[in-house]
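The values are calculated or read from the model by the stated rules, or taken from the named source; none is laboratory data. All figures in this text were calculated on a predicted structure; none of them were measured in a lab. Methodologically, a virtual Cβ is constructed for each residue, glycine included, from the backbone with ideal geometry; neighbour enumeration extends over all protein chains shown.
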Amino acid sequence: MSTSDNAAHYAQLAATYDQHWSHSDAFVTWMTAGIVDALALRPHHQIIDVGCGTGLYSRRIADAVRPEKPVLCADPSAAMLGHLRATVGLRPVLASAEQLGGARPNSTLADVPLGSFDAVLVKEAIHHVAPSVRGSTIAGLGNLLTGSGRLLIIMLPTHIHYPLFGAALLRFEELQPDPVEIAEHVRRAGLSTSIEYHEFALTIPKDRYLAMVRGRYMSLLSTFDENAIEAGVREIDARHPEPMLSFPDRFAFVLGTRRTRAS
């Protein structure tokens, strides 16, 4: 998807984004706990959430950790950031991962200095970074870290078990980067690197899931026109006669840790 298409997708999705992704409070709580644990977050840490969207997880992190400094919430979509409003403990930054990583210039990022963050989170956003600048962007995000800071990239694997229609699943596999490739970029950035896979069993009413597909809750779905989406919804409905859909939601946690620099 092009940058302009991506921007249009999230501008349209902003109003219903939290409704789509907070369909399971247990899932959001589980994911937040995984983030806090992987990044070993503490109240004194300076945190930046890159590709934060509406701040769904930034808010949960702030509630869980009670950081002394505001969590920086970075996203290239003004419409998405608009849903942060004046949330206490969060500070919006209108910027993409590429801009923060130095792959694209931005003169407004003086408040995002190099070497000042204990934790950099990129949750389900790295696939939006073009392959040609993915490595340089990740290296630049690594440069935001303090001497012992952590970079956490959370992403779906290349194969998922979502109850999507067949064409969408095939397109996902064509477009989704491999976590192993992302881990190699993190390693090349000079960070100690690991990959862990975490899985959550989701159960969701089929009617709600079909509404999410119609609402193009995944950016992938914005690559299909209205007729294809409706045909896909009919395919899902026929394939799954059951009223409740149950499936595993599996994520790769790619963690990079800055080796402590000698003083």
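The figures follow:
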{"item": "Ser246 modelled with pLDDT under 95 and outside any loop (DSSP other than H, G, I, E, B)", "result": "no"}
{"item": "Residue in the stretch 54-66 that is under 17 Å from Ser219 (Cβ atoms), modelled with pLDDT under 95 and out of contact with any Cys (no Cβ under 7 Å at 6 or more places or on another chain) present", "result": "yes"}
{"item": "Helices (runs of 4 or more DSSP H) completely within the stretch 78-159 that count 3 or more residues being hydrophobic (A, V, I, L, M, F, W, C)", "result": "78-81, 131-142"}
{"item": "Condition broken by Leu169, with the remaining ones in (1) farther than 26 Å from Gly55 by Cα; (2) buried (at least 18 other Cβ atoms within 10 Å of the Cβ) satisfied", "result": "(2)"}
{"item": "Val122 being of a type outside the set (D, E, K, R) and farther than 23 Å from Tyr217 by Cβ", "result": "no"}
{"item": "Any hit, the stretch 185-202, residues being among the polar types (S, T, N, Q), within 19 Å of the chain's Cα centre (by Cα) and in a strand (DSSP E or B)", "result": "yes"}
{"item": "Long-range neighbours under 8 Å by Cβ, at least six apart or interchain, first residue under 14 Å from Val233 (Cβ atoms) within the stretch 149-172, second among the small types (Gly, Ala, Ser) and assigned to a helix (DSSP H, G or I)", "result": "Leu164/Gly232; Phe165/Ala231; Phe165/Gly232; Ala167/Ala228; Ala167/Gly232; Ala168/Gly232"}
{"item": "Complete set of residues in the stretch 130-146 that are surrounded by fewer than 23 Cβ atoms within 10 Å (Cβ to Cβ) and out of contact with any strand residue (DSSP E or B) (no Cβ under 6 Å at 6 or more places or on another chain)", "result": "Ala130, Pro131, Ser132, Val133, Arg134, Gly135, Ser136, Ala139, Gly140, Asn143"}
